[in-house]
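What follows is one structure encoded as structure tokens, with my remarks underneath.
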Amino acid sequence: MSRVLIVAEHNGNELNPSTAKCVTCAKSFKPDSIDIVVLASDGQKIADQASTLSGVNTVIKVDQATNSAPLAAVLAPQISELASKYTHVLGPSTTFGKDLMPRVAALLGVGQLSDIMSVDNAYQFKRPIYAGNVIITVVASQERIVVATVRTASYTAAESTNQATIETHSLTVDLPKHTQFIELRSSIGSERPDLQTAARVVSGGRALGSKENFKIVYELADAFGAAVGASRAAVDSGYVGNDLQVGQTGKIIAPDLYVALGISGAIQHLTGMKDAGTIVAINKDNEAPIFEIADLGLAADLFSVVPELVEQLKE
Amino acid sequence: MLKNVNNSWQYQTSQQLTNTVKILVSLKRVIDYNVRVRIKPDGSEVVHDGVKMSINPFDEIALEEALRIRERNEADEIIVVAIGGQENQQQLRTGLAMGADRAILVETETELEPLPVAKALKALIEREDPELIMMGKQAIDNDNNQTGQMLAALWDRPQATFVSELTLSDGKATAVREVDAGLEVIKVELPAVITSDLRLNEPRYVKLPEIMKAKKKPLKTISLKELGVDSETQFTVISMEPPAQRPKGIMVDNVAELVQALRDRGLV
């Protein structure tokens, strides 16, 4: 008898696709029920979206003014109050879930499992360690609630074919006031596909050399209809914002097509994109490690071949 | 004695007027960042014999930040903590050489899960009463990214995770956090737990005279048992394997061949 609670990730307006991926992960161990909790200031629209996900039984909507920002210290006590009725509490392995779920686990007095990439059964999972260089199979004690994060790049989103019940819950738990949200600074324009969910991604690395030169990455991304990503070196050098970083400490993604421009291919970068369907690498250095995992490699100066590629794609 | 009158946050509570402001930094001993990790042939564990061990790079960044806070006279004492066997003295000595004032080794021969680690740190907080606990956002061995958050929950104090910029004033910390959507700014009351991201700073190199000096700095060992913490386990690793390898790709000679190959795969 297993009952799963999934913590919805959202921006106050839209449900993040990471939630639908958690649902697919939960369905893979065939639980008796899957519920989603939506913690928001006004969560009706998000709860409506969550209720369409196939396999979901109930969406629990908790509306609180304090839930307008995703503060782990504020959300965790609300989740732990609900959690006692469940055998599993799952969240996405995004910065939202990574910040929140260990806090939930500790409040429940249990450990947490990070980055589930596949499920053997309700208490046996696979997850990556050492930046994805080792995969371990972990058995969790059945005596305790399993609190875990789901590696979203390993799962497709559950379909929107359902109409689950939406329940409104009022919580009684005291919420801390020691943490205050100030602002969110975002560098991504909304006109571009979202890096985390895009089917195609074009990323640039250190070899781009400057913020101006990085334009060429955007041009190729436009030609492919792709989102833009970057290596840590490109972010550290200030060519783009941190929200575009792909890798162990950035976003872990699995698009159908990943094009790496001037990226050498450090292990920490590869762990963020090696689940992509097709990997294309363009790099001047034909010894670059990126070519070891690329499906299609072109050893050439990106500044001469990328404009040519853009032209040919437009034809 | 108050040394820095411009620094208002030290005046917040009477406790701070009489006590020194401490920062506790937790350091994990891990296989060095540059080592290519190998699994033992029987799949039981990762090869550690003869492998270079270092401070988890994210923890090193946390320590560097603590040192800079003290250099701004916003803290008085930096204590580094490691949990594990006596071999952890090596990483603690490196932390002392970087500039920490003293070190505590919580000794245990069991490899702990993040929850008991958080409990051990909580027990040390009760003894040391620090204003800040700092550590890396994750350790590069198990990539768990849990300990700081768990500690903050057990301690019932704020957490600022994945921090790339930190300022202290008026008994509060303002943290810029690296999140998927960009940079999130939060303000937390102290004491609090801070976990560092890569761009917070670049740690200093240790110079030889400091290594010599560090040998004389106090390093205290205390057993996990003495702290009243049980090395409970909830998760058992039953096998280890390398990740699935991608099939070998092909090199193309020019853009036309690349476009043709993409076309063959239905990608353009």
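Laboratory data are not the source of any read-out in this text; all were calculated from the coordinates shown. As the structure is a prediction and not an experimental result, all values here were calculated from the model. All Cβ positions, glycine included, derive from the backbone under ideal geometry; neighbour counts span all protein chains shown.
Quick rundown of the values:
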{"read-out": "Exposure proxy ranking, count of Cβ atoms within 10 Å, fewest first, for A:178, A:88, A:269, B:48", "value": "B:48, A:178, A:88, A:269"}
{"read-out": "10 Å Cβ neighbours from other chains, averaged over peptide A:107-119", "value": "4"}
{"read-out": "Added length on full extension, which subtracts the Cα-Cα distance from 0.36 nm per residue, residue A:81 to residue A:167", "value": "29.4 nm"}
{"read-out": "Efficiency of FRET from Cβ geometry, residue A:184 and residue A:44, R₀ 22 Å, rounded to 0.05", "value": "0.50"}
{"read-out": "Along each principal axis, Cα extent of segment B:20-243, largest first, Å", "value": "55, 44, 35"}
{"read-out": "Relative contact order [Cα under 8 Å, 6+ residues apart], segment B:20-243, whole percent", "value": "25"}
{"read-out": "Relative contact order of chain A, pairs being alpha-carbon contacts under 8 Å that are 6 or more residues apart, as %", "value": "15"}
{"read-out": "Rg ratio (alpha-carbon, reference 2.2 N^0.38 Å) - chain A", "value": "1.06"}
{"read-out": "Crossing angle, helix B:89-98 versus chain B [Cα axis fit, 0-90 degrees, rounded to tens]", "value": "70"}
{"read-out": "Over segment A:26-90: Kirkwood hydrodynamic radius from C-alpha pairwise inverse distances, Å", "value": "12.6"}
{"read-out": "Relative pair counts by distance (%), Cα atoms of the protein assembly as shown, 20 Å bins", "value": "20, 53, 25, 1"}
{"read-out": "Neighbour-count order for A:271, A:52, fewest beta carbons within 10 angstrom listed first", "value": "A:52, A:271"}
{"read-out": "Rounded FRET efficiency, nearest 0.05, which uses the C-beta distance separating residue B:127 from residue B:244 and R0 of 60 Å", "value": "0.80"}
{"read-out": "For segment A:192-202, Karplus couplings with θ = phi - 60° (6.51, -1.76, 1.60), whole Hz, Gly/Pro x", "value": "9, x, 6, 3, 5, 10, 5, 6, 9, 9, 10"}
{"read-out": "Global size of segment A:3-168 as Cα Rg and Dmax, reported in angstrom", "value": "14.5, 43"}
{"read-out": "Karplus (6.51, -1.76, 1.60) ³J(HN,Hα), θ = phi - 60°, over segment A:137-142, in Hz, Gly and Pro reported as x", "value": "9, 10, 9, 9, 4, 7"}
{"read-out": "Likely footprinting exposure, B:263, B:177, A:103, A:206, fewest C-beta neighbours within 10 Å first", "value": "B:263, A:206, B:177, A:103"}
{"read-out": "Angle in degrees between helix B:57-71 and the longest Cα principal axis of chain B, rounded to the nearest 10", "value": "30"}
{"read-out": "Geometric extent, Cα atoms of segment B:182-244 - Rg, Dmax (angstrom)", "value": "20.1, 48"}
{"read-out": "Over chain A: helical MRE at 222 nm, DSSP H runs n ≥ 4 each giving -39500 (n - 2.57), nearest 500", "value": "-7000 deg cm²/dmol"}
{"read-out": "Structure-based [θ]222 nm, chain B - -39500 (n - 2.57) summed over DSSP H runs of at least 4, per residue, nearest 500", "value": "-8000 deg cm²/dmol"}
{"read-out": "Segments A:295-307, B:143-155, A:241-253, B:231-243 sorted - mean Cβ within 10 Å per residue, highest first", "value": "B:143-155, A:241-253, A:295-307, B:231-243"}
{"read-out": "Cα→Cβ-extended label distance, 7 Å offset, between residue B:34 and residue B:210, nm", "value": "1.9"}
{"read-out": "Distant alpha-carbon pairs in segment B:113-268 (separation over 18 angstrom), percent", "value": "73"}
{"read-out": "Rg over Rh, two decimals, segment A:76-168 (C-alpha only, Kirkwood Rh)", "value": "0.98"}
{"read-out": "Averaged over B:241-247, number of beta-carbon atoms from partner chains that fall within 10 Å", "value": "5"}
{"read-out": "Alpha carbon centroid spacing (whole Å) that separates segment A:185-255 from segment A:71-135", "value": "28"}
{"read-out": "Mean-position separation - Cα centroids, segment A:1-40 and segment B:118-172, in angstrom", "value": "28"}
{"read-out": "Translational D in µm²/s for segment A:134-220 (Stokes-Einstein at 4 °C, 1.567 mPa s, Kirkwood Rh from C-alpha pairs)", "value": "65"}
{"read-out": "Listed pairs B:122/B:187; B:28/B:215; A:21/A:215 exceeding 30 Å between Cα atoms", "value": "A:21/A:215"}
{"read-out": "Considering only chain B, percent of DSSP beta bridges that pair antiparallel, nearest 5", "value": "40"}
{"read-out": "Farthest toward positive dipole pole in the protein assembly as shown [+1 Lys/Arg, -1 Asp/Glu at C-beta], among A:1, A:179, B:82", "value": "B:82"}
{"read-out": "Length-normalised contact order of segment A:229-315 in % [C-alpha pairs under 8 Å, at least 6 apart]", "value": "21"}
{"read-out": "Vicinal HN-Hα couplings computed from phi for segment B:138-147 (Karplus, 6.51 cos²θ - 1.76 cosθ + 1.60; Hz; Gly/Pro x)", "value": "7, 9, 7, 8, 8, 6, 6, 6, 9, 4"}
{"read-out": "For residues of B:185-195, the mean tally of beta carbons on other chains within 10 Å", "value": "3"}
{"read-out": "Computed E for residue B:165/residue A:315 - FRET, C-beta separation, R0 35 angstrom, nearest 0.05", "value": "0.15"}
